[in-house]
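Colleague: Quick one: the structure is below, questions incoming.
The values are calculated or read from the model by the stated rules, or taken from the named source; none is laboratory data. As the structure is a computational prediction, the values presented were derived from the model and not from experiment. Glycine also receives a Cβ, built like all others from the backbone with ideal geometry; neighbour counts cover every protein chain displayed.
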Amino acid sequence: MSGDLVALIAGTLLAVGALAFVLYPLFFAVRPRVSRPPAASAARAADDSAIVALREIEFDKATGKLSESDYTELKRTYSERALQEMRGAGSPAGDATSDPIEARVRAFRAHRECDTCGVRPEADAVYCSNCGGFLDRACPECGAEIVEAAAGFCARCGVPLTAAAIR
């Protein structure tokens, strides 16, 4: 019988504890925790302000809250502001050189291109790694067209193509 009494006391204490936990906010003023957005989200929200405004303008026009003249004026104003923000003119962090994706695109565009095979993966290629053709397709000294695959010298003036291309 004493085991039943211990279980009854333990159950009662757990029930009272749970009841106190649930009723505590009702009797005492508990402020909800307000989480602050990270700095990146705040900056992103500031950057999207004109875009968000454009969405609201479109919604207000669709629901009939804006006249045609107000809609035209607001859309023009916020479109210009949104374009400036997207181009990075509105923020110093919008510099294209600081964007890692833009840097990779610029680096890829610096690669040489073969007329038959397309862009080569080697940035410093003189010959196409696929077909062996001279990538400049013309002699840097005399301008003669180089059509032979893997030609080492110009057929007209005899200049070594690799040395001329490196200069």
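Colleague: Quick one: in the stretch 76-102, which of the residues that are of a type in the set (D, E, K, R) and either in contact with a helix residue (DSSP H, G or I) (Cβ under 6 Å, 6 or more places away or on another chain) or at pLDDT below 85 (or both) is farthest from Ala50 (Cα to Cα)?
Modeller: Of everything passing the filter in the stretch 76-102, Glu102 is farthest from Ala50 (Cα to Cα).
Colleague: Given (1) exposed (fewer than 13 other Cβ atoms within 10 Å of the Cβ); (2) at pLDDT 75 or above; (3) in contact with a strand residue (DSSP E or B) (Cβ under 8 Å, 6 or more places away or on another chain), identify the lone condition not met by Ala144.
Modeller: The one condition Ala144 does not meet is (1).
Quick grid of which residues meet (1) farther than 28 Å from Gly88 by Cβ; (2) outside the structural domain of Gly88 (by TED's automatic domain parsing); (3) at pLDDT 90 or above:
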{"site": "Met1", "(1), (2), (3)": "yes, yes, no"}
{"site": "Val6", "(1), (2), (3)": "yes, yes, yes"}
{"site": "Gly11", "(1), (2), (3)": "yes, yes, yes"}
{"site": "Val16", "(1), (2), (3)": "yes, yes, yes"}
{"site": "Val22", "(1), (2), (3)": "yes, yes, yes"}
{"site": "Ala62", "(1), (2), (3)": "yes, no, yes"}
{"site": "Tyr71", "(1), (2), (3)": "no, no, yes"}
